[in-house]
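The values are calculated or read from the model by the stated rules, or taken from the named source; none is laboratory data. Please read these numbers as outputs of a predicted model, since none were measured by experiment. Cβ placement follows ideal geometry from the backbone for every residue including glycine, while neighbour counts extend to all protein chains displayed.
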Amino acid sequence: MAVDLALMCASPREASVKGKTYTFSPLTLGDIAELQEWFVLQPVEDLSTDIANFGEHMTPEHKGKLVAEAHEEYEKRRKVVRQATRNKELINEVADKMQAALGTVDAVAMMMWLSIRTHHPEVTREECKKLMDVNTLVAVKALMDEISFESQDKDADLQYADYSPEKKTEG
């Protein structure tokens, strides 16, 4: 059985995006926490964008309704991500939204930025977003999943499945 040490050791990988080579690093726990925080704040960011772009055409009642909806969604997400609820329905609702959100242009651009920022501090999240088209989104998402969330070699995962820190060997 061949084991890809780059996958096992979570090594950075180079990949070309729109003709430029970037070094992608696996997402750390801190990066994942930032991604979760981005997800929690997304309804507020969306509201800010909507009001900035269309606010002059909105009635005060409509703005008030959007603010209330954004606040409600923010609170739901905050409770689930920060594990402040045991409400299974709410957890499932937010988990479904998070899963759907991870496939969006904004989320993939965020993951790309989190992954490359150590080696490319000059690149902004907005610049990553501008690089996204359908092909780039699919390719970057696949790369991020591969280096951060799963191993290509499923047998490599299985050989460690039996390990438990509680098991002690007598010697």
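Selection of first residues in segment 92-105 that are without any contact (Cβ under 8 Å) to a residue 40 or more places away in the chain and more than 21 Å from V138 (Cβ to Cβ) and of second residues that are β-branched (V, I, T) and surrounded by 14 or more Cβ atoms within 10 Å (Cβ to Cβ), restricted to Cβ pairs under 8 Å at least 6 apart or on distinct chains, gives the following pairs, ordered by first then second residue: V94/V80; V94/V81; A95/V80. Total residues in segment 137-151 satisfying the condition of being in a helix (DSSP H, G or I) and either of a type in the set (V, I, T) or more than 14 Å from F24 (Cα to Cα) (or both): the figure is 4.
Checked against the criterion of being surrounded by fewer than 15 Cβ atoms within 10 Å (Cβ to Cβ) and under 14 Å from the mean Cα position of the chain (by Cα), segment 73-96 contains one or more residues that satisfy it.
Looking at segment 68-118, which of its residues are at pLDDT 90 or above and not in a helix (DSSP H, G or I)? Result: T104, R117, T118.
For segment 24-72, taking the residues that are aromatic (F, W, Y) and within 17 Å of the chain's Cα centre (by Cα), the one that is surrounded by the most Cβ atoms within 10 Å (Cβ to Cβ) is identified as F24. Within segment 114-137, residues that are among the β-branched types (V, I, T) sit with their Cβ atoms under 6 Å from residues that are crowded, with 17+ Cβ neighbours inside 10 Å and assigned to a loop (DSSP other than H, G, I, E, B), at 6+ positions apart or across chains, in these pairs: T118/S25.
From the residues in segment 106-136 that are within 21 Å of T28 (Cα to Cα), of a type in the set (A, V, I, L, M, F, W, C) and over 11 Å from the mean Cα position of the chain (by Cα), which one is surrounded by the most Cβ atoms within 10 Å (Cβ to Cβ)? Within segment 106-136, the match that is surrounded by the most Cβ atoms within 10 Å (Cβ to Cβ) is C128.
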